[in-house]
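Okay, structure first, notes after.
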Amino acid sequence: MSSNSNDGLTYSRLPERTAGCGDLSSGDVGRQVTLMGWVNRRRDLGELVFIDLRDRSGIVQVVCDAGAFPESARTAKEVRNEYVLAVTGAVELRAEGQEKPDMATGSIEVQAHRVRILNTSRTPPFYIRDEAEADELLRMKYRYLDLRRFPMQRNLEIHHKTALAVRNYLSEQGFWEIETPAMTRSTPEGARDYLVPCRTDPGKFYALAQSPQLFKQLLMVGGIEKYFQLARCFRDEDLRADRQPEHTQIDIEMSFANEETIYGLVEGLVTHLWKEVLGLDIVAPFPRLPYCDAMARFGSDKPDTRFRMEIQDLTPVFENTGFGVFRSTVDQGGMIGAICLPGQASMSRQEIDDLTGMARSLGARGLVTVAYREGNVRSPIARHLSEKELSDIAEKTGASEGDMVAIVADRPEAALNVLGRLRLELGKKLGLIDRSAFNFLWVTEFPLLEKNQDTGEWEAAHHPFTCPVEEDIEKVERGAQGQEKGQIRARMYDLVLNGVELASGSIRIHRRDLQEKVFRLLGLSASEAREKFGFLLDAFEYGAPPHGGIAIGLDRLVMLMAGLSTIRDVIPFPKTTSGSCPLTGAPGEVNPIQLEELGIRLNKRKTGAPGES
């Protein structure tokens, strides 16, 4: 490589950068510019070398003419993809017929007077193209290269604009942005804590905050009244496409607020974001649906309402049936549920078998189909059902000529779960979902408590600081037992978008006596409650105002706004579903001296192979 192309140039004084590659247009013709960026592509035609130069703003074609500027052409012949260049030259119109209308700068080019190589590049492990052709693990290992792709930069730009718009909107509504501690005391909040050992107090640990829940409630006791924070949250839980061990949430808390106050604020924020960031108008207020109705109609507490195909309860139809399987289910307090598959009466035997296999894979013991085709009813159990039962199935499900009904008989919880998941799978498979729609929905009045299926213990469905609905406080006051605990409703609400939980919040308990009674329902003794939450209980005795709030997953929000299916594509340096970082190798071992300082001795155990991303 010639000395004037690289040696001494990397650290020499840079000229002033005067324009972005993608910012140039025909209005700049005749202008002298200095551009800096990466080589997206190079084409050597002998006397002419063409370089597509890329920076964050876009791509522009640079022409290096050996006849007019031989030094720039000689340097251009040495460059390769992803070299970093500084180019000084004049903006010119492209020759007639050479324009590229699909390119923002397609009407112009830059005639290079001087080209300087600011840095060279090895051949990247994958092509830097808009289409993500490389395996995701490889992209994550070389994330600094993946981030050069325009789709990734667009995602981060949406993230930035969304965060900025959130700050501006809430500030205008009178909220103060206040930071709360990232290291706090370990408390039971649902997921496992990430623990941080304390060097100055051996044997004791901080926990990385799963959320700012307790601190924001204390801010309300402190008279702040309106708080928000783009809070970093840490949760050691099983990961999936829309979860990460560390993520950011838009955390909001208000004093003297009821549900209507929260709904109005969040709807205003969401409509503002869609308009400000995406240029789209969203209609508010959003529909509301109690939890019990969401489960009964959609088999999910986060229903996708972009298509219908709702679950129907056929149990009353078969109260006196002669079909043994259905009769046994009814007699045992089970449910016979169904969904109507529009236009699917002509399914082949193989397709029905595949559908049954899908239902079994989702947890069903079996699946019954009833097809209404050419004036006839076709079903493997048709001979076991009366004409009235077959007619009632159609009437109840809304099935008409050409439709098929899929039926599941099981315990109510199991039947609803299977039908809800089957509904989603079929909605995708049958093309019933409007991919361009943004369907928001408030799901309200969740259960206050839920039973852990592994331990049989009752746990807080959201967190233990959620206030029960007024009509159910009496059950808390007298210490509900058994299944009655599951009937206590909470003043809790989720904002759902297209079948994804976007935000979750509640009206909080603000009285010590009620909070202590909820702790008792959860099996916490007075001494345990005092040990874990004494500071909060004490605070409630000093004039704590009624308050409530909500937390919106910022990364998940941006994912949906950008039309993506994984939050890993809106986080600059994400982790895999096993919690590892292919880029840095985290988590990793630490120096034994560090462990000794912390008073920690490792009890090593075998671990499985790293999970996929």
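Yes or no, residue by residue, for (1) over 30 Å from Leu449 (Cβ atoms); (2) among the aromatic types (Phe, Trp, Tyr):
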position: Glu528; (1), (2): no, no
position: Phe533; (1), (2): no, yes
position: Tyr542; (1), (2): no, yes
position: Leu557; (1), (2): no, no
position: Thr566; (1), (2): yes, no
position: Ser580; (1), (2): yes, no
position: Thr584; (1), (2): yes, no
**Request:** Evaluate segment 545-554: report whether one residue or more is crowded, with 20+ Cβ neighbours inside 10 Å and free of Cβ contacts under 8 Å to residues at least 60 places away in the same chain.
**Result:** no
**Message:** Given the options Glu413, Glu457, name the one that is in contact with a Gly (Cβ under 8 Å, 6 or more places away or on another chain), loosely packed, with under 14 Cβ neighbours inside 10 Å and under 28 Å from Ala364 (Cα atoms).
**Reply:** Glu457
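Specify which of the listed residues (Leu273, Leu280) is of a type in the set (A, V, I, L, M, F, W, C), surrounded by fewer than 16 Cβ atoms within 10 Å (Cβ to Cβ) and under 22 Å from the mean Cα position of the chain (by Cα). Reasoning before the result, please.
On the way: Leu273 fails: surrounded by fewer than 16 Cβ atoms within 10 Å (Cβ to Cβ).
Unique residue meeting the criteria: Leu280.
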**Single condition Pro447 does not satisfy, out of (1) at pLDDT below 95; (2) out of contact with any Leu (no Cβ under 6 Å at 6 or more places or on another chain)** = (1)
**Message:** Name the residue that is surrounded by the most Cβ atoms within 10 Å (Cβ to Cβ), counting only residues in segment 236-248 that are touching an Asp or Glu at 6+ places or on another chain (Cβ under 8 Å) and within 15 Å of Gly553 (Cβ to Cβ).
**Reply:** Gln244
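Is it the case that segment 466-474 has a residue that's surrounded by 21 or more Cβ atoms within 10 Å (Cβ to Cβ) and of a type outside the set (S, T, N, Q)? Outline the logic, then answer.
The first filter runs over segment 466-474 and keeps only residues surrounded by 21 or more Cβ atoms within 10 Å (Cβ to Cβ), leaving 466-468.
So of that shortlist, the ones also of a type outside the set (S, T, N, Q) come out as 467-468.
Within segment 466-474 (the criterion being surrounded by 21 or more Cβ atoms within 10 Å (Cβ to Cβ) and of a type outside the set (S, T, N, Q)), the answer is yes, since at least one residue qualifies.
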**Given (1) open to solvent by less than 40 Å² (accessible area, probe 1.4 Å); (2) in contact (Cβ under 8 Å) with a residue 60 or more places away in the chain; (3) out of contact with any Lys or Arg (no Cβ under 7 Å at 6 or more places or on another chain), index of the condition Asp251 fails** = (3)
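Here is a yes/no grid of residues against (1) more than 20 Å from Ala338 (Cα to Cα); (2) at pLDDT below 95:
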site: Thr271; (1), (2): yes, no
site: Leu280; (1), (2): yes, no
site: Arg297; (1), (2): no, no
site: Pro303; (1), (2): no, no
site: Arg306; (1), (2): no, no
site: Ile311; (1), (2): no, no
site: Glu319; (1), (2): no, yes
site: Gly322; (1), (2): no, yes
**Request:** Could you please let me know if Leu502 is under 24 Å from the mean Cα position of the chain (by Cα), outside any loop (DSSP other than H, G, I, E, B) and at pLDDT 95 or above?
**Result:** yes
**Complete:** Going through segment 559-579 in order, the residues found to be closer than 13 Å to His247 by Cβ, open to solvent by less than 50 Å² (accessible area, probe 1.4 Å) and of a type in the set (A, V, I, L, M, F, W, C) are Met559, Ile567, Val570, Ile571
**Asked** Taking segment 23-82, which residues are in a loop (DSSP other than H, G, I, E, B), open to solvent by 60 Å² or more (accessible area, probe 1.4 Å), in contact (Cβ under 8 Å) with a residue 40 or more places away in the chain and within 13 Å of Ile117 (Cα to Cα)?
**Response** Arg80, Asn81
**Prompt:** Hey, among the residues in segment 279-329 that are out of contact with any Gly (no Cβ under 9 Å at 6 or more places or on another chain) and among the hydroxyl-bearing types (Ser, Thr, Tyr), which one's farthest from Glu450 (Cα to Cα)?
**Reply:** Thr321
**Message:** Given (1) open to solvent by 10 Å² or more (accessible area, probe 1.4 Å); (2) in contact (Cβ under 8 Å) with a residue 12 or more places away in the chain, identify the lone condition not met by Arg423.
**Reply:** (1)
**Asked** Quick check, is Ala359 within 41 Å of the chain's Cα centre (by Cα), at pLDDT below 95, buried (at least 17 other Cβ atoms within 10 Å of the Cβ) and of a type in the set (A, V, I, L, M)?
**Response** yes
**Item:** Enumeration of residues in segment 87-107 that are among the hydrophobic types (A, V, I, L, M, F, W, C) and surrounded by fewer than 19 Cβ atoms within 10 Å (Cβ to Cβ)
**Value:** Ala90, Leu93, Ala95, Met103, Ala104
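For segment 90-97, state whether one or more residues are within 30 Å of Thr248 (Cα to Cα), in a loop (DSSP other than H, G, I, E, B) and modelled with pLDDT of 95 or more. Give the derivation first.
Step one: filter segment 90-97 for residues within 30 Å of Thr248 (Cα to Cα), giving none.
Among the residues of segment 90-97, not one is within 30 Å of Thr248 (Cα to Cα), in a loop (DSSP other than H, G, I, E, B) and modelled with pLDDT of 95 or more, which makes the answer no.
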**Prompt:** Can you spot a residue in segment 363-380 that is in contact (Cβ under 8 Å) with a residue 40 or more places away in the chain, in contact with a Leu (Cβ under 7 Å, 6 or more places away or on another chain) and either of a type in the set (D, E, K, R) or surrounded by 13 or more Cβ atoms within 10 Å (Cβ to Cβ) (or both)?
**Reply:** yes
**Message:** Going by what's in this entry, would Arg17 be described as in contact with a strand residue (DSSP E or B) (Cβ under 8 Å, 6 or more places away or on another chain), modelled with pLDDT of 95 or more and in a loop (DSSP other than H, G, I, E, B)?
**Reply:** yes
**Message:** It is to be established whether one or more residues within segment 391-398 are surrounded by 21 or more Cβ atoms within 10 Å (Cβ to Cβ), touching a Leu at 6+ places or on another chain (Cβ under 9 Å) and either farther than 17 Å from Asn320 by Cα or touching a residue at least 12 places away in the same chain (Cβ under 8 Å) (or both).
**Reply:** yes
**Message:** I'd like to check something: does segment 400-410 contain any residue that is over 17 Å from Cys340 (Cβ atoms) and in contact (Cβ under 8 Å) with a residue 12 or more places away in the chain?
**Reply:** yes
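The values are calculated or read from the model by the stated rules, or taken from the named source; none is laboratory data. Because the structure is a prediction, the values reported are computed rather than measured. Glycine gets a Cβ as well: all are built from the backbone with ideal geometry, and neighbour counts include every protein chain shown. Surface areas here come from the heavy atoms of the whole protein model, side chains and all, with no ligands, DNA or RNA. Shrake-Rupley method; radii C 1.70, N 1.55, O 1.52, S 1.80 Å.
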